[in-house]
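Undergrad: Here it is, the structure, as structure tokens.
Please treat every number below as a calculation from the coordinates, not as lab data. Because the structure is a prediction, the values reported are computed rather than measured. Note: ideal-geometry Cβ built from the backbone for every residue, glycine included; neighbour counts use all protein chains shown.
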Amino acid sequence: MKLNYCPIAIFLFFMVIGIPQKVCAQSGSVQSIQMNVDEENQAITGFGASLAYYENWLTAHPNRAEIYDVIFKELSLDILRVRNTFGYDNEMINHVKQFVSAAESSLGHPVDVMVTSWGPPGYLKSNNDKDNGGTLKYTVNDGVVEFDYAGFAQWWNASLDDYNANGIFPKYISIQNEPDWAAGYESCLLRPSEVVNAADTLAGYNKALDAVYDTVQKRADRPFFLGPECIGIGYNAVENYVNALDLSKLYGIGHHLYHGAESGTVEDDPFTSSNYAKVGNFRPNIPHFQTEYSRTGWFPLAGMIYQSLVQESVTAFLYWDLIWENGGLVALHFPWDRSRWTNAYGYHCTKDFYVFKHYSRFIHPGWKRIGTTGDNEQLKTAAFISSTGDSAAFIAINRSEHDTFNIRLQVPDFRINEATTYSTNENSSFVTFDYLKDTLLQVLPRSLNTVDLRLSVVNSGILVPASRSSFSEVAVFPNPFSRDARIRFVANEGEDYLLEVFDITGKQLSKRKLGSFSAGKQHVEISRSGFEAGTYFLRLTNSAGQAAQGKFVVID
């Protein structure tokens with residue numbers, strides 16, 4: 001056991017069996033699941049969590065170096081969300097400096113930082129208290145209410161000065177955490193737009209955003225704005241806030257999942273909630289960020305992350321508490337008294353840690369969600385692929401309490417070179433088992449499963465490399481085809497490409513200059529026009545003299 005990694009129980013959760021393929025589901029039969037690389041959805045920004053509250057427990061912990069590796073490296077964390085406490089907690093900036101430095105050390109690269117205000121200092125609040133709700137301070141002149149948006153913006157600008165002076169340059173900021181919730185801790189109520197009547201006098205999120213945005217735009221280093229970070233996705237909360245905003249000032253729609261998400265038509269079953277798709281269809285041209293959630297059990301959490309990625313098409317999912325006392329992703333034991341520890345390490349990973357790791361460890365920034373075919377109401381699947389096409393992640397959730405699914409995973413036009421499965425159910429967490437391309441996955445009832453894949457492109461026809469090729473392999477998809485197809489390959493920067501097509505006698509039928517491409521995965525279209533039904537060969541050559549050949553079939 002390595003001290004800087006959370007313990008993993010050794011339990012054989014997947015079985016590898018050799019049953020002939022049939023397209024059906026349930027125990028004893030085989031279900032074919034295909035990953036469709038041509039069905040591209042959202043690009044992933046990343047996975048993250050908050051170090052908010054209990055910050056001093058982590059910085060004081062004698063095993064903090066191990067814990068940093070667990071929360072940053074083992075989870076492959078992309079986004080760190082922290083509290084803006086400028087003006088009332090002067091120690092916070094030192095904690096955040098340690099977190100950011102530790103993240104870079106563990107990850108080998110800087111972590112993206114998101115700064116959120118739980119509430120401004122009391123002098124900017126209507127109740128003169130940073131806690132207990134309230135709204136922005138206001139004055140009444142000749143019967144007209146004027147909120148101190150300018151003061152709020154100046155506070156935000158000064159806080160960014162402090163971050164920058166300490167070497168921290170946030171990538172994202174959110175002007176107010178949960179503006180629709182009056183909490184007993186730091187909080188500040190902001191309605192979508194100002195409410196001034198006999199019952200309420202509340203500042204508007206829209207005007208607060210305008211003030212902070214316009215002030216921050218004068219800075220040399222300008223973060224992206226996320227918002228409104230309302231409590232959940234029910235009650236049209238996201239829509240009501242966002243519709244009141246100048247959308248040119250919002251980089252991403254941020255929200256939490258504390259209502260409208262955990263349950264739908266069935267209690268504690270997020271798969272029965274229609275709100276994910278509803279919010280996903282709202283302003284789909286703006287990236288969606290799920291920026292905080294932590295409450296329900298491990299299996300609903302697995303479904304909530306899935307629903308967020310697949311139904312809402314979020315680009316980022318952030319868990320709430322990265323560390324906490326007796327909770328969060330990593331539960332810390334009291335750092336100042338080893339006698340109160342329940343193990344030798346002074347911390348332990350929770351069940352939620354492993355659920356989150358199923359996603360965060362294997363799906364990375366820049367990857368895209370691609371289509372899958374063959375799942376059903378009980379078996380939910382999702383897939384993600386790297387920009388270079390050489391790595392992918394496959395997620396399978398079995399919702400059934402009783403049925404087992406035997407899956408044959410296929411990636412048309414790709415060879416599965418390496419694959420490892422990871423599985424979690426009620427009795428075990430993140431069990432690892434090698435998965436080979438010619439075997440099957442057995443997905444047990446009520447389980448979360450991830451397959452980590454290494455891929456290479458192959459042709460669905462016959463691939464015959466003419467020479468050692470820098471773009472290595474050519475694939476035609478679909479193949480056979482009756483109208484149009486796509487030729488896929490990996491290009492080198494700055495090289496020109498030529499496409500030739502031959503009939504089965506070797507006669508050249510067409511010659512087409514493709515020009516140059518940026519480095520990486522590329523494709524060109526080929527039309528049926530001019531080709532009779534039959535078999536044809538193609539050759540793709542670059543200006544370095546390297547070539548690859550393939551075969552395709554045209555049908556009526």
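Undergrad: Could you give me the ³J(HN,Hα) list for segment 217-229, computed from phi with Karplus coefficients 6.51, -1.76, 1.60 and θ = phi - 60°, whole Hz, x at Gly and Pro?
TA: Once rounded to whole Hz, the list reads 5, 7, 7, 6, 10, 10, x, 7, 9, 10, x, x, 6.
Undergrad: Starting at the first residue of segment 410-424, write each ³J(HN,Hα) from the Karplus equation 6.51 cos²θ - 1.76 cosθ + 1.60 with θ = phi - 60°, in whole Hz, x for Gly and Pro.
TA: Taking θ as phi minus 60°, the curve returns 10, 10, x, 6, 10, 9, 7, 7, 9, 7, 9, 9, 9, 9, 9 Hz for segment 410-424.
Undergrad: Around E229, which amide H atoms from residues at least 5 apart in sequence, or from another chain, sit under 5 Å from its own amide H, with H modelled in the peptide plane?
TA: Hits under the 5 Å cutoff: G254, H255.
Undergrad: Would you grab the residues whose amide H sits under 5 Å from the one on K125? Only those 5+ places off in sequence or on another chain, please, with H modelled 1.01 Å from N.
TA: HN-HN under 5 Å from K125: K137.
Undergrad: The chain: Rg/Rh from Cα coordinates, Kirkwood Rh?
TA: 1.03
Undergrad: If the convex hull of the alpha-carbon atoms of segment 350-428 is projected onto planes in all directions, what is the mean projected area in square nanometres? Please report the intermediate quantities before stating the final value.
TA: Details: hull surface 24.8 nm².
If you wrap the Cα atoms of segment 350-428 in a convex hull and average its projections, you get 6.2 nm².
Undergrad: How much net charge surrounds G264 when only other residues with a Cβ under 15 Å from its Cβ are counted (Lys, Arg +1; Asp, Glu -1)?
TA: Working: positive: K278, K380, R399; negative: E262, E267, D268, D269, E312, E377.
Around G264, the charge tally is -3.
Undergrad: Sticking with this one: Per the helix-only calculation at 222 nm, which mean residue ellipticity applies to the chain, given -39500 (n - 2.57) for every DSSP H run of n ≥ 4 and division by its residues, nearest 500 deg cm²/dmol?
TA: For the chain, the value works out to -4500 deg cm²/dmol.
Undergrad: What translational diffusion coefficient, in µm²/s and rounded to a whole number, does the Stokes-Einstein relation yield for segment 136-295 at 20 °C and a viscosity of 1.002 mPa s, taking the hydrodynamic radius as the Kirkwood radius over Cα pairs?
TA: 127 µm²/s
Undergrad: Rg and Dmax of segment 205-275 over Cα atoms: what are they, in angstrom?
TA: Values for segment 205-275 (Cα only, Rg and Dmax): 15.2, 50 Å.
Undergrad: What's the Kirkwood radius of segment 29-110 in Å, using all Cα pairs?
TA: One over the average 1/r among Cα pairs gives 15.1 Å for segment 29-110.
Undergrad: Also: Per residue of segment 76-85, what does 6.51 cos²θ - 1.76 cosθ + 1.60 with θ = phi - 60° give for ³J(HN,Hα)? Whole Hz please, x for Gly and Pro, Karplus curve as stated.
TA: Working through the residues one at a time gives 6, 5, 9, 10, 10, 9, 10, 8, 8, 10 Hz.
Undergrad: Over all directions, what mean area does the Cα convex hull of segment 475-554 project, stated in square nanometres?
TA: With the hull built on Cα positions only, its mean projection is 4.8 nm².
Undergrad: A further question follows. Which whole-number percentage describes the relative contact order of segment 45-360, with Cα contacts under 8 Å and a sequence gap of 6 or more?
TA: In percent, rounded to a whole number, it is 17.
Undergrad: Among 513-524, 228-239, 412-423, how do they line up from the highest to the lowest mean number of other beta-carbon atoms within 10 Å? Could you put the intermediate results ahead of the total?
TA: Details: 513-524: 14.1, 228-239: 21.8, 412-423: 18.5.
Put in order of decreasing packing, that is 228-239, 412-423, 513-524.
Undergrad: Please sort by residue number the GluC sites (Glu not before Pro) in segment 64-124 whose DSSP state is loop and whose Cβ has at most 11 other Cβ atoms within 10 Å. Each step should come with its number before you reach the end.
TA: Numbers: sites: E66, E74, E91, E104; in loops: E91.
Qualifying residues, ordered by number: E91.
Undergrad: I've got another one for you. Report, to one decimal in Å, the Kirkwood hydrodynamic radius for segment 45-360 based on all distinct Cα pairs.
TA: 20.0 Å
Undergrad: Among all the lysines, which ones have a C-alpha under 17 Å from K507's C-alpha, if same-chain residues fewer than 8 places away are not counted?
TA: The reachable lysines, counting only those whose Cα sits under 17 Å from K507, are K551.
Undergrad: Any idea what the alpha-carbon Rg over 2.2 N^0.38 Å comes to for segment 92-191?
TA: Details: Rg = 16.0 Å, N = 100, 2.2 N^0.38 = 12.7 Å.
Segment 92-191 yields a ratio of 1.27.
Undergrad: Stick to the Cα atoms of segment 273-416, pair each with every other, and give me the Kirkwood hydrodynamic radius in Å at one decimal.
TA: Working: mean 1/r = 0.0578 Å⁻¹.
By the Kirkwood definition, the hydrodynamic radius is 17.3 Å.
Undergrad: Right, next: Share of Cα-Cα pairs in segment 240-322 beyond 17 Å, in percent?
TA: In whole percent, the share of Cα-Cα pairs in segment 240-322 beyond 17 Å is 43.
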